[in-house]
Amino acid sequence: MPRKNRRNPGSFQPQEAPRPRSAAPEWAELPGYDVRHVGGEKEYRCPGCDHIVRAGIWHLVVIPLDAPEERRHWHTECWRKELRRIGAYRPPPPQ
């Protein structure tokens, strides 16, 4: 006799839609700034370490909401260190 592999309809939990690749991690967000996760096509200079953010490397773009022309491209770890420095770092919850 064949088995009936049916799930209990009450046990189904819809999953959240995945965050877009361009969305910054939650820990990286800062009030008053738009933070984006991007893979640039050209080189930028990171203000955190003053080294080059190489083309094609995923990094964070931090854009002040009141001055969009002041956007800066940060290495992800440099932005994490900056948030720690100013006391705004919120570590991700444990999995």
- Message: I'd like the orientation of helix 76-86 relative to the chain: the angle between its Cα long axis and the longest Cα principal axis, in ° from 0 to 90, rounded to 10.
- Response: 70
- Query: Looking at segment 8-95, which GluC sites (Glu not before Pro) are DSSP coil and have at most 10 other C-beta atoms within 10 Å of their C-beta?
  - Reply: E16, E41
- Message: Please compute the contact order of the chain in relative form: average sequence separation of alpha-carbon pairs under 8 Å and at least six residues apart, divided by the residue count, as a percent.
- Response: 23
- Message: List the residues, sorted by chain then number, that are 5 or more residues from A24 or on another chain and whose placed amide H is less than 5 Å from its amide H.
- Response: H37
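Each value in this text was obtained by applying a stated rule to the coordinates, not by laboratory testing. Owing to the predicted nature of the structure, the values given are computational and were not obtained by experimental measurement. Using ideal geometry, Cβ is built from the backbone for each residue, glycine included, and neighbour counts are taken over all protein chains shown.
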